[in-house]
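One structure is given here, and the rest of the page talks about it.
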Amino acid sequence: MLKLSVPKMSCGHCASTIEKAVKSVDPGAKITVDLSKATVAISTSSSGKAISQAIKQAGYENAELAA
C-alpha cells in the first residue's frame, strides 16, 4: 500500500481530482482519502513514482509517508 501526504488537499473537489489522477494510471486502484490528515492511501499495482507523478500533474505536491 502506498501512503502519500498531500498538504494542499483540503476538500472533496481536491480528493476527487486526486482520485481521477490515480485512476488514470491504474483504473483498478483502491483509494482511501483522509482530508483531516491530508493523506491518501492507495492500493495499486502501479509504481509509486507513476502515481505520485500523476498527482503532481493534477496540481498537488505530494510525498510518500514512511510505512
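If you go through the range 3-57, how many residues are of a type outside the set (Gly, Ala, Ser), touching a strand residue (DSSP E or B) at 6+ places or on another chain (Cβ under 7 Å) and exposed (fewer than 14 other Cβ atoms within 10 Å of the Cβ)? The number of residues fulfilling the criteria is 2. Looking at the structure I just gave you, is LYS3 in contact (Cβ under 8 Å) with a residue 60 or more places away in the chain and among the basic types (Lys, Arg)? Yes; evaluated as a whole, the condition is true for this residue.
Candidates in the range 1-46 are the residues that are in a helix (DSSP H, G or I) and either of a type in the set (Gly, Ala, Ser) or farther than 14 Å from GLY59 by Cβ (or both); of these, the one that is farthest from the chain's Cα centre (by Cα) is GLY12. Of all the residues in the range 26-64, those that are of a type in the set (S, T, N, Q) and out of contact with any Asp or Glu (no Cβ under 9 Å at 6 or more places or on another chain) number 8.
The numbers here are math on the coordinates, done by the rules we state, and not lab data. Keep in mind the model is a prediction, meaning the values are calculated, not measured. Methodologically, a virtual Cβ is constructed for each residue, glycine included, from the backbone with ideal geometry; neighbour enumeration extends over all protein chains shown.
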